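A short write-up of the structure that comes next.
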Amino acid sequence: MAGNWKMYKTPAETTAFFEKFRPLVEKSEHCEIVICPPFTNLSAAAAVAKGSPIRIGGQNIAWAKEGAFTGEISGSMLIAAGATHAIVGHSERRQYFGETDASVLKRAQAALEYGLTPIVCVGERLEEREAGRTAEVLKKQFADGIAGLTEQQFAKIVIAYEPVWAIGTGKTATPEIAADAHRVIRGEVAAKFGKDAAAQVRILYGGSVKADNVKALMAQPEIDGTLVGGASLDAVSFASIVNF
C-alpha cells in the first residue's frame, strides 16, 4: 500500500502526519507500507518512521549518478535521505514533464543500481480508453519501458497501473476494469519474463483510491495493492486504506 503525496506538505506537516499515522499501522503486517513525500520532506519522514513498518520513497529518480541535471535527484541522495523506494514514470511526470517510456526504463535501472525498489507506473489516457486502445497502450509502455530490464532486475520492481483518466478526477476504474488492465500487464510479463515472474510481480492499482472503494478493488485477485494519491494525505484515511 503506497501513498504518493505529490506536491503537498512541509517537513513539519510530515512529522505531524506520521505521529498520527504510525500508531494506526504499527501492527499492520499484511502488506508493505510506503509513503512518497516531496523530496524536501524525505529526511523528516524517514526520521519519524524509523523502527516502524513504514518505508519511505522518492517521487522520482534521475538516471544519472550526479552532474548538471537541475531539479533532479539521484539515487545516492534518496538513499542518504532514508528512502528505500522511488516512483518512476508517474502519469503526471509523463504528461507535464516529458517522461517517455525510454526515460522511465533508465530511471528504473538507476533505482535498481542503488538498491531502491522502483514503483514503475503505466496507464492510458481517457481518449485512449475511449478509442478502445487500453491494451495496446499498456503493451507499448511495457515493451518500450519495463521489458528492457533483465530478469534479475525485473524481479525487484513493483508495477503500478494508473489509468490517467482516474487520477485526481474522482473517477475510479471499476474493480473489473482495473483487473482487466492488470491481466493485460501480467500477460506481457509472462510472455517476456515467464509465468513465475508473472505470478510473483506485484501490480498496484492507482486512481482515486479511497477508504470506501479499496475493499472492492482489493477483492480482485489480480490487484496486489494500491498507489494512493489524495487519500494518503490524511493519516486516518490512509490508515483505513492500509487496514482495509
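Dividing the helix sum by the residues of the chain, where each DSSP H run of 4 or more adds -39500 (n - 2.57), gives a mean residue ellipticity at 222 nm of -12500 deg cm²/dmol. Taking the charge dipole of region 2-242 about its Cα centre, with +1 at Lys and Arg Cβ atoms and -1 at Asp and Glu Cβ atoms, the residue from Gly132, Thr84, Thr70 reaching farthest to the positive side is Thr84. Taking only the Cα atoms of region 151-227, the ratio Rg/Rh comes out at 0.99, with Rh defined as the Kirkwood radius. Averaging Cα coordinates gives a centre for region 99-145 and one for region 30-79; these two points are 20 Å apart. A dipole drawn for region 2-242 from +1 and -1 charges on Cβ atoms has a positive end, and of Phe21, Ala102, Ser237 the residue lying farthest that way is Phe21. The orientation-averaged projected area of the convex hull spanned by the Cα atoms of region 1-125 comes to 8.0 nm². Projected over all directions and averaged, the alpha-carbon convex hull of the chain occupies 12.0 nm². Taking the Cα centre of the chain as reference, the dipole from Cβ charges on Lys and Arg (+1) and Asp and Glu (-1) amounts to some 240 debye. For Lys140, the lysines whose Cα comes closer than 17 Å to its Cα, not counting residues fewer than 8 places off in the same chain, are Lys106, Lys192. Within a straight-line Cα-Cα reach of under 17 Å, Lys20 can be paired with the following aspartates and glutamates, leaving aside sequence neighbours fewer than 8 residues apart in one chain: Asp234.
Values in this text are rule-based calculations from the coordinates and carry no lab data. All figures in this text were calculated on a predicted structure; none of them were measured in a lab. All Cβ positions, even for glycine, are placed from backbone atoms using ideal geometry, and neighbour counts span all protein chains on display.
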